[in-house]
Amino acid sequence: MKYFIGCFLWSMMCMSALVANAQSACDKLFANGVKCQQTMTISSQRNAIGYFEKAKICYDSQAKKDLCDQQIKSCRNIITQLTRTEEAKKKESQTREPEGNDRNKAKNDLKPVRKNGEIKLSLDRTYIKFKGKGNEFQKVKVTCNYPDWEITKMPEWVNCSKNENNEIVIEVEKNPNDVERSAQLEVTCGDEVTTLTIIQEKFKKFILF
């Protein structure tokens with residue numbers, strides 16, 4: 001009898017180790033995706049999408065799968081923005097420059113024009129994570145070549161404000177659910193939009209005996 005109990009306990013320990021290793025492998029794939037995502041090139045964003053797709057297959061948690069989908073969507077938005085930038089540069093290089101004094105005058109008269117100018121908008125991270133208890137603040141840095149960027153979308157359980165340092169101050173309410181939750185916050189300038197994924201852990205209840 002002791003032999004069978006010992007075998008059973010050993011099997012359970014092995015299964016726990018396998019689950020832990022699998023979860024670690026999934027997180028590693030996700031982390032590699034985030035690392036690639038931080039390099040603003042089309043090839044890096046495509047590599048990031050590949051890692052997030054593999055992580056999505058690897059994860060068992062639906063919340064983690066949804067997070068992978070959100071990161072993939074963010075990468076595709078970045079690819080669209082980078083493609084627009086490359087096309088704008090090609091058009092600019094094909095435009096004939098004015099000659100002589102007209103060229104110098106044109107350079108002196110150049111000013112950023114919102115309607116036709118390129119808008120550069122980015123955040124210093126793609127997602128943030130909060131504990132389930134709420135009443136916790138975090139800041140996200142916004143980089144934009146125009147000062148009138150704004151927060152255009154946020155979940156009901158999130159409070160945000162814009163400070164004088166071009167940062168978004170984010171606070172979340174207590175998570176009343178027994179599961180992790182996530183949502184996206186949108187920052188807009190003109191027709192450019194970038195997103196931040198906000199994740200909140202489930203609230204951990206402590207039972208006193």
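This table checks each residue for (1) over 16 Å from the mean Cα position of the chain (by Cα); (2) part of a strand (DSSP E or B); (3) touching a residue at least 60 places away in the same chain (Cβ under 8 Å).
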| residue | (1), (2), (3) |
| --- | --- |
| 142 | no, yes, no |
| 146 | yes, no, no |
| 156 | yes, no, no |
| 159 | yes, yes, no |
| 164 | yes, no, no |
| 168 | no, yes, no |
| 183 | no, yes, no |
| 186 | no, yes, no |
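Within the set of pairs 6 or more residues apart or between chains, which connect a residue that is within 14 Å of residue 41 (Cβ to Cβ) inside region 78-91 to a residue that is modelled with pLDDT of 80 or more and of a type in the set (Lys, Arg) with Cβ atoms less than 8 Å apart?
79/46
Yes or no, residue by residue, for (1) over 26 Å from residue 69 (Cβ atoms); (2) of a type in the set (Phe, Trp, Tyr); (3) touching a Gly at 6+ places or on another chain (Cβ under 7 Å):
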site: 154; (1), (2), (3): no, no, no
site: 163; (1), (2), (3): yes, no, no
site: 173; (1), (2), (3): no, no, yes
site: 180; (1), (2), (3): no, no, no
site: 187; (1), (2), (3): no, no, no
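Give me the residue from region 55-80 that is more than 15 Å from the chain's Cα centre (by Cα), surrounded by fewer than 17 Cβ atoms within 10 Å (Cβ to Cβ) and not small (Gly, Ala, Ser) and, out of that set, nearest to residue 197 (Cα to Cα).
62
What single numbered condition from (1) surrounded by fewer than 13 Cβ atoms within 10 Å (Cβ to Cβ); (2) assigned to a helix (DSSP H, G or I); (3) at pLDDT below 85 fails to hold for residue 98?
With (1) surrounded by fewer than 13 Cβ atoms within 10 Å (Cβ to Cβ); (2) assigned to a helix (DSSP H, G or I); (3) at pLDDT below 85 applied to residue 98, the lone miss is (2).
For the condition open to solvent by 40 Å² or more (accessible area, probe 1.4 Å) and either at pLDDT below 50 or closer than 30 Å to residue 123 by Cα (or both), what is the one hit in 37, 23, 45?
23
Do we have any residue at all in region 175-187 that's surrounded by 14 or more Cβ atoms within 10 Å (Cβ to Cβ), touching a helix residue (DSSP H, G or I) at 6+ places or on another chain (Cβ under 7 Å) and more than 18 Å from residue 74 (Cα to Cα)?
Scanning region 175-187, I find at least one residue that is surrounded by 14 or more Cβ atoms within 10 Å (Cβ to Cβ), touching a helix residue (DSSP H, G or I) at 6+ places or on another chain (Cβ under 7 Å) and more than 18 Å from residue 74 (Cα to Cα), so the answer is yes.
I'd like to know if region 104-124 contains one or more residues that are of a type in the set (S, T, N, Q), in a strand (DSSP E or B) and either touching a Pro at 6+ places or on another chain (Cβ under 6 Å) or at pLDDT 70 or above (or both).
So far as region 104-124 goes, yes, one or more of its residues are of a type in the set (S, T, N, Q), in a strand (DSSP E or B) and either touching a Pro at 6+ places or on another chain (Cβ under 6 Å) or at pLDDT 70 or above (or both).
Just one of (1) closer than 27 Å to residue 178 by Cβ; (2) without any contact (Cβ under 8 Å) to a residue 40 or more places away in the chain trips up residue 45, so point out which.
Of the numbered conditions (1) closer than 27 Å to residue 178 by Cβ; (2) without any contact (Cβ under 8 Å) to a residue 40 or more places away in the chain, the odd one out for residue 45 is (1).
Every residue in region 188-209 that is outside any strand (DSSP E or B) and acidic (Asp, Glu), please.
Matches in region 188-209: 191, 201.
The values are calculated or read from the model by the stated rules, or taken from the named source; none is laboratory data. Note that this is a predicted model, so its numbers are computed, not measured. Glycine also receives a Cβ, built like all others from the backbone with ideal geometry; neighbour counts cover every protein chain displayed. Heavy atoms of the whole protein, side chains included, go into the accessibility calculation; ligands, DNA and RNA do not. Shrake-Rupley method; radii C 1.70, N 1.55, O 1.52, S 1.80 Å.
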